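What follows is calculated from the coordinates using simple rules that are stated; it is not laboratory data. What you see is a predicted model, and the numbers here were worked out from it, not measured in a lab. In this analysis, Cβ positions are derived from the backbone assuming ideal geometry, glycine residues included, and neighbour counts consider all displayed protein chains.
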Ligand code: NDP
């Protein structure tokens, strides 16, 4: 039976450390600040934005949510970000994605100052990750690596297979694991014979967005299985992995909920604290 990689427990431990860090910074007169820009009313995004606010409050980070109407212009959005770029109270800026269709996501992300880009989506930060330089790393992949390292899982030379090639999860997760000396394969919807790849994986990351897509016959016995998926089925949240079947053969597995999702928020707090230190110290 696989050992559980609990994002819940790990994130609770991190919260305690982060509270201490914030208290330390406050003694030096620095209050870390995070701004979340939220355009429109997407219900899932509303929940994510609320959770980010709660996390800030728990740790003692100053947080500000800027809500813009769904029909907001690109100019208004750019102007809002530019104001936050100049704002000394704000060390991290996050634009909640997805944006309404009429807005340009890449242009919007490029407006954020790279040192305030706590989601790590700016091209400068993406480029730094690509070239293995220190920059701000996207929260979900950073959380995945944190969990693997915390469990003492050896990464060098391991076969890592990522299902999913999004800019926010799949690709940065692949880069991080490559930088840790894994041999990395990225699979996607056009991959031929997916199972042939996944069966080789010592570390399998599922970031697809399809409930219980990864079945036991796709998994190598003894492997580490990281489930990034968040899918709502009959009012329940489930991952991309058929947890009940796969936990019987994997050596480690992340649950959903209580796995990668918890770490994503923790890493957002971490990135905000790091950004505050880099800007204010
Ligand atoms: P995207 O929709 O952007 O990407 C999904 C990827 O899965 C694509 O690369 C797609 O391939 C691939 N894919 C789809 N169907 C198949 C298939 N049949 N076989 C192989 N690959 C396939 O999603 P995200 O990366 O944004 O998110 C993935 C999941 O993770 C979602 O459930 C999302 O909710 C969740 N998520 C969870 C987070 C957390 O904190 N836990 C944070 C962010 C996301 P192609 O490129 O060819 O279309």
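Quick one: angle between helix 260-280 and the longest Cα principal axis of the chain, in degrees between 0 and 90, rounded to 10, please.
Between helix and principal axis, roughly 40 degrees.
What whole-number distance in Å separates the alpha-carbon centres of segment 177-225 and segment 11-27?
Between the Cα centre of segment 177-225 and that of segment 11-27, the gap is 35 Å.
Tell me the angle of helix 7-27 to the major Cα principal axis of the chain, expressed in degrees between 0 and 90 and rounded to the nearest ten.
30 degrees
Taking the highest mean first, how do the peptides 73-82, 28-37 order by number of other beta carbon atoms within 10 angstrom per residue?
Highest mean packing first, the order is 28-37, 73-82.
If I take R0 = 35 Å and measure r between the Cβ atoms of residue 27 and residue 151 in this structure, what FRET efficiency does the formula 1/(1 + (r/R0)^6) give, to the nearest 0.05?
With a Förster radius of 35 Å, E is 0.55.
Show that you can apply the helix-only estimate: for the chain, add -39,500 (n - 2.57) for every DSSP H stretch of four or more residues, divide by all residues, and state [θ] at 222 nm to the nearest 500.
-13000 deg cm²/dmol
What number, in percent, do you get for the relative contact order of segment 1-155 if the mean sequence gap of Cα pairs under 8 Å and at least 6 apart is divided by its residue count?
Over segment 1-155, the number comes to 21 percent.
Which whole-number percentage describes the relative contact order of segment 139-261, with Cα contacts under 8 Å and a sequence gap of 6 or more?
Over segment 139-261, the number comes to 22 percent.
Indicate the gyration tensor shape class of the chain (rounded, prolate or oblate), computed on the Cα atoms with a ≥ b ≥ c the square roots of the eigenvalues: a/c under 1.5 is rounded; otherwise a/b larger than b/c is prolate and the rest oblate.
It is prolate, given that a/c is not under 1.5 and a/b is the larger ratio.
Using a Gaussian network for the chain with springs between C-alpha atoms less than 10 Å apart, which of these wobbles most: 176, 103, 129?
Its mean-square fluctuation being the largest, the pick is 103.
When DSSP beta bridges are limited to those with both residues in the chain, what percentage is antiparallel, rounded to the nearest 5?
That works out to approximately 10 percent antiparallel.
Under 8 Å for C-alpha pairs, at least 6 residues apart: give me the relative contact order for the chain, rounded to a whole percent.
Computed value for the chain: 22 percent relative contact order.
Which percentage, to the nearest 5, of the DSSP beta bridges contained in segment 144-281 is antiparallel?
15 percent
Kirkwood hydrodynamic radius for segment 139-261: how many Å is it when counted over pairs of different Cα atoms?
Here the Kirkwood hydrodynamic radius works out to 14.0 Å.
Under a plain spin-label model, where a point goes 7 Å from the Cα along Cα-to-Cβ, how far apart in nm are residue 17 and residue 245?
Distance between label points: 3.7 nm.
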